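This report concerns only the one structure given below.
The values are calculated or read from the model by the stated rules, or taken from the named source; none is laboratory data. As the structure is a computational prediction, the values presented were derived from the model and not from experiment. Glycine gets a Cβ as well: all are built from the backbone with ideal geometry, and neighbour counts include every protein chain shown.
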């Protein structure tokens with residue numbers, strides 16, 4: 001600060017280390033996110049898809065509070081991001097059907113064996129359940145004429161199938177369980193208390 005001679009003030013820079021706890025926004029419950037810049041999806045409901053959701057008689061609770069999609073078995077709750085956050089209307093319904101298909105495995109519904117009972121991500125049980133949910137979503141998308149999501153579903157199914165060693169038996173089993181899930185949601189015949197038989201529905205569900 002002075003002229004630099006003896007006794008002049010000297011400015012020293014001392015580094016200061018600080019740390020902060022940082023959380024991914026998807027880990028935060030009950031958080032209302034601000035609107036983001038860019039184009040938002042202009043959502044136009046698909047009548048058939050809406051009818052599928054509305055016709056699911058004992059459907060789980062539904063909310064759009066968190067910016068991620070999931071089904072929570074303990075709360076029997078499906079959460080999806082807000083509709084305008086999706087890139088396409090087909091993407092929204094494909095994701096919705098996937099999570100709703102998961103919900104059919106709940107103990108009060110079809111009570112699927114090993115249904116997400118503490119299964120870790122990537123485990124065989126987890127992978128099988130993901131196959132069931134995605135098969136179910138693809139069946140429902142086909143039923144509702146949402147063709148653009150079918151290719152994505154095929155890729156998704158292939159990825160999870162690889163995690164259980166391309167086991168053809170599990171592929172068939174998962175597709176069968178998905179059919180039961182779809183029939184349960186549509187109310188077209190399958191209820192565990194009534195019969196173990198499956199009933200084919202429209203749009204090639206087999």
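Kindly indicate whether residue 72 is surrounded by fewer than 20 Cβ atoms within 10 Å (Cβ to Cβ), within 18 Å of residue 130 (Cβ to Cβ) and either in contact with a helix residue (DSSP H, G or I) (Cβ under 6 Å, 6 or more places away or on another chain) or modelled with pLDDT under 95 (or both).
Considered against the rule, which asks whether it is surrounded by fewer than 20 Cβ atoms within 10 Å (Cβ to Cβ), within 18 Å of residue 130 (Cβ to Cβ) and either in contact with a helix residue (DSSP H, G or I) (Cβ under 6 Å, 6 or more places away or on another chain) or modelled with pLDDT under 95 (or both), residue 72 comes out as yes.
Quick check on residue 200: is it modelled with pLDDT under 70 and closer than 23 Å to residue 91 by Cα? Spell out how you get there, then give the answer.
Values: modelled with pLDDT under 70: yes; closer than 23 Å to residue 91 by Cα: no.
No.
In the range 52-69, what count of residues is obtained for those that are in a helix (DSSP H, G or I) and either touching a residue at least 60 places away in the same chain (Cβ under 8 Å) or exposed (fewer than 13 other Cβ atoms within 10 Å of the Cβ) (or both)?
Going through the range 52-69 one residue at a time, the tally reaches 3.
If residue 173 satisfies all but one of (1) assigned to a helix (DSSP H, G or I); (2) modelled with pLDDT under 80; (3) more than 23 Å from residue 60 (Cβ to Cβ), what's the number of the condition it fails?
(2)
Can you find a residue that is farther than 23 Å from residue 147 by Cα and modelled with pLDDT of 95 or more anywhere in the range 32-45?
no
Return the only residue of 105, 136 being closer than 21 Å to residue 88 by Cβ and either modelled with pLDDT of 85 or more or assigned to a helix (DSSP H, G or I) (or both).
Sole residue among the options that is closer than 21 Å to residue 88 by Cβ and either modelled with pLDDT of 85 or more or assigned to a helix (DSSP H, G or I) (or both): 136.
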